[in-house]
Amino acid sequence: MARRKRSALLPLRIAGTGAFLPAKTLTNEDLARFLDTSDEWIRTRTGIRLRHVLAEGEVPAQMGVAAAGRALAMAGKSAAEVDLLLAATNVPEEPIPGTAPHLAAGLGLKKAPFLDVTAGCAGFLYALALAGAWLRAGLARTALVVGTEAPSRFVDWSDRATCVLFGDGAGAVVLERSAGGSGILGLALRGDPAKLHLLRIEAGGVRLPASGATVQAKKHYLQMEGKGLFRAAVGMMAEATRAAAAQAGLSLQDIDWVIPHQANLRIIEALTKRLGLPEGRVVVNIDRVANTSTASIPIALDELVRAGKVEGGQILALTAFGAGASYGTVILRW
Ligand SMILES: CC(C)(COP(=O)(O)OP(=O)(O)OC[C@H]1O[C@@H](n2cnc3c(N)ncnc32)[C@H](O)[C@@H]1OP(=O)(O)O)[C@@H](O)C(=O)NCCC(=O)NCCS
């Protein structure tokens, strides 16, 4: 078959996957106790029933370390073998030095290079591609890519239009070089800065440093134009998926599993319809985890892998969109 012949653009093997969700949960009914909302509104508009949130004192790096530990265990590797660590995250553990050093410390890494990758909710895909290029260049043998995010710490819990959508979590993959045919076959990563205004946190950076006035104006919280994002999301992910499949020399029918960013069930359903994909091949877990941003794709991937559903040689399409607007699709052969 043609799909087995083409060699990978970025050869790699996903040797292990892992995920972590905080123990504390909030149901829609829990939210309705302090917000003017309802389980019915949230479920019918978004598909979400439940989200996990960090407890007081817990931090994103702890989630990342737990997810990475599970991925390393599946890969049969120790943290000492990791020679590249990428942390996909949007709001870091602290502004300087970000999340990756805290993750590295938690994992006990000594000298491996680490960096944060910030590309909205598509950040995990950017990090995956970057790690693939790093491996391909011979700069590392074992890369750890972690998506970890705690939106519960940067949403306004009095803003029903945003806070109900998000949840905290982390997902990780261990990558190694591959001599076989597995790896990234097609890659369409894109940016559209004309959509930059759709999703942002305005204050707390250099443009608008933290002050009493910015806190009063609630500018440290996530602001979103929900309708604009909804409209843009389906088109962006559909275009990128078609482009990545074409680059891989595949048709959409060759794809065994599509793992879309879990932002809204209605967006996923519209994408499924737009691309003409069979529903059973599109992975959905948003009902139980909500939108975990950079962690959303690796958490869904880990669930799929641990359910024994992914077989060697299968084709996966991972697609996401988010702040920036950054978006894109990665097509890989398992
Ligand atoms: C946010 C989203 C669910 C809103 O759904 P929608 O159908 O567009 O709803 P609207 O924004 O038109 O709001 C409709 C009404 O519901 C109200 N509403 C908003 N949130 C509500 C909530 N949690 N509970 C009850 N009512 C709510 C609004 O105030 C509005 O009321 P009004 O008509 O009296 O003004 C949807 O736009 C969306 O998912 N967008 C994409 C967001 C996203 O993916 N963000 C992350 C990107 S990584």
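Considering only residues that are within 16 Å of the ligand (Cβ to nearest atom), buried (at least 18 other Cβ atoms within 10 Å of the Cβ) and under 13 Å from TYR327 (Cβ atoms), which ones fall in region 187-234?
LEU189, LYS195, LEU198, LEU199, LEU229, ALA232, ALA233, VAL234 - these are the residues of region 187-234 that are within 16 Å of the ligand (Cβ to nearest atom), buried (at least 18 other Cβ atoms within 10 Å of the Cβ) and under 13 Å from TYR327 (Cβ atoms).
Report yes if some residue within region 191-203 is free of Cβ contacts under 8 Å to residues at least 60 places away in the same chain, closer than 22 Å to ALA15 by Cα and out of contact with any strand residue (DSSP E or B) (no Cβ under 8 Å at 6 or more places or on another chain); otherwise report no.
no
Scan region 275-290 residue by residue and report those that are within 16 Å of the ligand (Cβ to nearest atom), surrounded by fewer than 24 Cβ atoms within 10 Å (Cβ to Cβ) and either of a type in the set (Asp, Glu) or not in a loop (DSSP other than H, G, I, E, B) (or both).
ASP287
If you scan region 96-119, which residues turn out to be surrounded by 22 or more Cβ atoms within 10 Å (Cβ to Cβ) and small (Gly, Ala, Ser)?
ALA100, ALA104, ALA119
Before we move on, is ASP116 under 29 Å from LEU54 (Cβ atoms), of a type outside the set (Val, Ile, Thr) and not in a strand (DSSP E or B)?
no
Inspect region 94-108 for any residue being more than 16 Å from the ligand (Cβ to nearest atom), in a loop (DSSP other than H, G, I, E, B) and within 15 Å of PRO298 (Cβ to Cβ) and give the result as yes or no.
Yes, that holds for at least one residue.
If I go through region 119-168 residue by residue, how many of them are on the phi > 0 side of the Ramachandran plot and within 12 Å of the ligand (Cβ to nearest atom)?
Total meeting the criteria: 1.
Within region 238-268, which residues are among the charged types (D, E, K, R) and within 16 Å of the ligand (Cβ to nearest atom)?
ARG266
Tell me which helices (runs of 4 or more DSSP H) are completely within region 1-91 and hold 3 or more residues being away from the ligand (no atom under 13 Å from the Cβ), or say none if there are none.
Passing ranges, in order: 2-5, 60-75.
Taking region 146-196, which residues are over 20 Å from HIS220 (Cα atoms), outside any loop (DSSP other than H, G, I, E, B) and of a type in the set (Gly, Ala, Ser)?
Of everything in region 146-196, those that are over 20 Å from HIS220 (Cα atoms), outside any loop (DSSP other than H, G, I, E, B) and of a type in the set (Gly, Ala, Ser) turn out to be GLY147, GLY169, ALA170, GLY171, ALA172, GLY183, GLY186, ALA188, GLY191, ALA194.
For region 252-270: of the residues being in contact (Cβ under 8 Å) with a residue 12 or more places away in the chain and closer than 18 Å to THR44 by Cβ, which is surrounded by the fewest Cβ atoms within 10 Å (Cβ to Cβ)?
ARG266
What are the residue pairs meeting all of these: first residue in region 278-296, first residue more than 22 Å from ALA172 (Cβ to Cβ), second residue of a type in the set (Phe, Trp, Tyr) and more than 12 Å from the ligand (Cβ to nearest atom), Cβ atoms under 9 Å, and 6 or more apart or on different chains?
ARG281/TRP257; VAL282/TRP257
Can you name every residue in region 296-325 that is within 12 Å of the ligand (Cβ to nearest atom) and either surrounded by fewer than 24 Cβ atoms within 10 Å (Cβ to Cβ) or in a helix (DSSP H, G or I) (or both)?
Within region 296-325, SER296, ILE297, ALA323, GLY324, ALA325 qualify.
Is it true that some residue in region 65-86 is buried (at least 20 other Cβ atoms within 10 Å of the Cβ), among the β-branched types (Val, Ile, Thr) and more than 22 Å from ALA179 (Cα to Cα)?
Yes, region 65-86 contains at least one residue that is buried (at least 20 other Cβ atoms within 10 Å of the Cβ), among the β-branched types (Val, Ile, Thr) and more than 22 Å from ALA179 (Cα to Cα).
Every read-out reported here was derived from the displayed coordinates using simple, explicitly stated rules and does not represent laboratory data. Predicted model only: the values in this text are computed from it and were never measured. Cβ sites come from the backbone with ideal geometry, for glycine too, and all protein chains shown count toward neighbours.
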